[in-house]
Amino acid sequence: MRALLICAALAGIVAAGSTEQGAGVVIRIRAFLEFYSGVFALVALSAAVVAGLAASERFMPIRLRVLAQSAHRATAVMSMSFLVAHVLLKILQGHASVLDVAVPFDGGQERAVWIGLGTIASDMMIIVFATGVARGRFIGQGRPWTWRVLHITAYLCWPIAIAHGLNAGRAAKDWVTLSYTACFLLVVVMAVARLASWMWRRGRTRRREVHVPNRAARDSLVTEVQGIPDEQFWAELKAEAAQWTGSHK
Amino acid sequence: MPRSSPGHRSILPLANGVARIGGLVAVLVGLALCAIVEQEIIARVGPHRAVKAQVSSATPSGRRPHPTPKATRTDLAAPLGQVRTTVLRQRGASARAAFGVEDLPQPDVHLTRIDDAKGWAFGTAAIPPPPGVAAVPDPSVFVARRSGKTWQVAVAGVEDFVRLVRQAPTTVIPADERPILEQYGEAVSAKEGVATGMTLPWSAGQSWTMHSVAGNDALQFSGGDGRVLAPAPGRLYRFCTRSASQSMLLLIHADGLASEYYQMADVPDVKEGALVQEGDYLGHTGTARPCGGAAPASGPPTVDFTLFSGASPMPLEGTQIGGWTLHAAGDQVWADRSGLRVDAGNPLLNFGPVDASPSPAPRPPSATPSPRSHSATPSPRSPSARPSPRSTHSR
């Protein structure tokens, strides 16, 4: 049903594009996208990183985490669509060649270095996005950390994308640079907090293993406060993932 | 199912709704891209109009001779030398100002037509910038008349030019080129704010990048499919024709306006003085420098574009072209249109032809962008665009 709607919309768009009125509209849309698609891709990517951090934050209530997870999914999809638009339009404009999509630092254009960073960031984004979409396939097989390692390259991809955004195109205005820097610092703070809580939890978990026979009430309280034990977390995540991917494992 | 606290509504429907928003945006962007690609295909695959050289109608008995390569060197040396000195004398001041130097290289003179028997000649000359100076060569059109052993040369912009154009035989200046050359010779240098009535020199719907040429009133355009198209009807004249496919072009339009194109490659073999229609192919962006001036050919392929009112370059500030108003302050150049501002280095979109008739230079400058130039008439090939006033926003 949805596919039918999309096909009908596509046919309508193609027909409208060949009229003169439609062509004028298309030109304005094109100008808008040429100017803003890169910006939107980066903003959506930043939102996806923040939402992803929120969604996997163990101290957050589960309802907010579910909401954050869907926000993470939505912004990731939007970012991907704006990325495709951005790359396609830049190729049509002649600012990058088709080869630049995959091979960085290849073209001899001015600012080739910054454009190459965009290539690298977009390649990483594709991997991050693909692992996110195929999350369900990673559950129950292999080590739990495989998926994490792949998906966590988002932390590397995002600053590269920011560097590309600030330098590969038009000169960034001051408020743009400031807001990018502010977003960057915010994410750094959240990521460091995440890392700290993870290391803290691992430290406490290890210590708890050493004292296994000691099941004092104080310790079990500490366990609850520190966070959800792994089994419950994975069970919840698995159930949630089954919802998204439609698998019935 | 993720466990929600008993008594609370499940968060899932809201979460699903949020996720669907992402999908919706992606579909919309995809549809927009389809429309853009469709238009791009139409623009590239659609019928290209080759430049039609105007067959000169009703020429009198003497056919207009092509540049006489048969003439002996001694015949040409006199006018060439005379032309060079005259061009340097009459155009030297403006060239020195444009290049910022004191010593000028010798001009590159091209005799378009010479009638040895009657002692008349017509041609073009370009003063190239000295090596190391990034500037566009200074173009000039001249008429020369032999009196005795010497040649009297008049460069466009000088009083004698119009008089000589009127007196020249049709073998040297055909009848249909005369009016446009007279207007060119009579036009006064423009103040700011000329509505040229031209469109941008590339296909409608494409965005090219605009750069300034240091210190000059010239622009560099690059990108798109690289095909430079005539922005208005006019007559085509060549400069620095060492190799025909790389010559510099000057298009003389009505009302004394002219546009110059440099660094192009693949210039088609059009007869000089031919009438070129708006949208006709002029050449491809490149890095050629046929006029000399030994600047290394580097960087992306571009076309250097300058506008002239009569013989003097039109200042960029306030010039309206393709519905955009150009501004220049110091080294910075930008274009704006109904509040949308595009800085140098950013994509400049060609919205299509404008319907404004060019305001001739001698009239006092139009200080405000005339509303005429912001509307567009539908034309068979190009899309019409109706920009609506937007609140000023910059990135």
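Suppose R0 equals 25 Å; then what is the FRET efficiency for residue B:331 and residue B:93 from their Cβ-Cβ distance, rounded to the nearest 0.05?
The formula returns an efficiency of 0.60 here.
Taking every residue in A:171-181, how many Cβ atoms of other protein chains lie within 10 Å of its Cβ, on average?
1
Would you please give the FRET efficiency between residue A:32 and residue B:85, computed as 1/(1 + (r/R0)^6) with r the Cβ-Cβ distance and R0 = 56 Å, to the nearest 0.05?
Computed FRET efficiency for residue A:32 and residue B:85: 0.55.
Just tell me how shielded A:86-99 is by partners: mean number of partner chain Cβ atoms within 10 Å of each residue's Cβ, no decimals.
Per residue, the number of nearby Cβ atoms from other chains is 4 on average.
Working out 0.36 nm times the residue gap between residue A:177 and residue A:103, then minus their Cα-Cα distance, what length gain in nm do you get to one decimal?
Taking residue A:177 through residue A:103 to full extension adds about 23.9 nm, to one decimal.
For the stretch B:110-126, what does the Karplus curve 6.51 cos²θ - 1.76 cosθ + 1.60, with θ = phi - 60°, yield as ³J(HN,Hα) per residue in whole Hz, taken in order and with x for Gly and Pro?
Here the 3J(HN,Hα) series is 10, 7, 5, 9, 9, 10, 5, 4, 8, x, 10, 8, 9, x, 10, 9, 10 Hz.
Taking amide H positions as placed 1.01 Å from N in the peptide plane, with prolines and chain starts having none, which residues 5 or more places from residue B:333, or on another chain, fall under 5 Å of its amide H?
The answer is B:344.
Calculate one ³J(HN,Hα) per residue across the stretch B:345-352 by plugging θ = phi - 60° into the Karplus curve 6.51 cos²θ - 1.76 cosθ + 1.60, and present them in order as whole Hz with x for glycine and proline.
Result, ordered by residue: x, 9, x, 10, 8, 8, 7, x Hz.
Extending each Cα 7 Å along its Cβ direction at residue B:101 and residue A:155, get the distance between those two points in nm, one decimal.
For the pair residue B:101/residue A:155, the computed spacing is 5.7 nm.
As a footprinting exposure proxy, order A:234, A:198 by other Cβ within 10 Å, with the fewest listed first.
Fewest to most other Cβ atoms nearby, the residues stand as A:198, A:234.
Quick one: which of A:184-197, B:130-143 comes out on top by average Cβ neighbours within 10 Å, and what's the full order, highest first?
So the order, starting with the most tightly packed, is B:130-143, A:184-197.
Mind listing the phi-derived Karplus ³J(HN,Hα) values for the stretch B:139-146, rounded to whole Hz, using 6.51, -1.76 and 1.60 with θ = phi - 60°, and x for any glycine or proline?
With coefficients 6.51, -1.76 and 1.60, one gets x, 8, 10, 9, 10, 10, 9, 7 Hz.
Using DSSP to define loop residues, name the GluC sites (Glu not before Pro) in the stretch B:148-196 whose beta-carbon has at most 16 other beta-carbon atoms within 10 Å.
Passing both the DSSP loop test and the Cβ count: B:192.
Per-residue Cβ counts within 10 Å, from other chains only, averaged over A:30-42: what number is that?
Taking the mean over all residues of the peptide, I get 4.
Mind checking the full-extension length gain between residue A:170 and residue A:8? Use 0.36 nm per residue of separation minus the Cα-Cα distance, one decimal, nm.
That pair, residue A:170 and residue A:8, stretches by 54.6 nm at full extension.
Using r as the Cβ-Cβ distance of residue A:238 and residue A:16, and R0 as 45 Å, what FRET efficiency do you calculate, to the nearest 0.05?
Plugging the Cβ-Cβ distance into 1/(1 + (r/R0)^6) gives 0.45.
I need the peptides B:160-172, B:200-212 ranked by packing, meaning the mean over residues of other C-beta atoms within 10 angstrom, with the highest value on top.
B:200-212, B:160-172
Sort A:1-11, A:83-93, B:324-334 for me by packing, meaning the mean count of neighbouring Cβ atoms within 10 Å per residue, highest on top.
Ranking, from highest mean packing down: A:83-93, B:324-334, A:1-11.
List the residues whose amide H sits under 5 Å from the amide H of residue B:112, counting only those 5 or more places along or on another chain, with H placed 1.01 Å from N in the peptide plane.
When sequence neighbours closer than 5 places are left aside, the close amide H contacts are B:122, B:123, B:124.
Under a 5 Å amide H to amide H cut-off, with H placed in plane at 1.01 Å, what residues pair with residue B:206 once short-range neighbours are removed?
Long-range HN contacts for residue B:206: B:350.
Taking the Cβ of residue B:237 as the center, what net charge do the other residues with Cβ under 12 Å away carry, scoring Lys and Arg +1 and Asp and Glu -1?
In short, +1.
Which length gain, in nm to one decimal place, applies between residue B:338 and residue B:188 when the Cα-Cα distance is subtracted from 0.36 nm times their residue separation?
Extra length from residue B:338 to residue B:188 when fully extended: 51.1 nm.
Taking the beta-carbon count within 10 Å as an exposure proxy, list A:19, B:285 from fewest neighbours to most.
Fewest-to-most Cβ neighbours within 10 Å comes out as A:19, B:285.
If you rank B:102, A:240 by fewest surrounding Cβ atoms within 10 Å, what's the result?
B:102, A:240
Taken together, the values in this text are just the output of simple stated rules run on the coordinates, not laboratory data. As the structure is a computational prediction, the values presented were derived from the model and not from experiment. Every residue, glycine among them, receives a Cβ derived from its backbone with ideal geometry; neighbour counts consider all protein chains shown.
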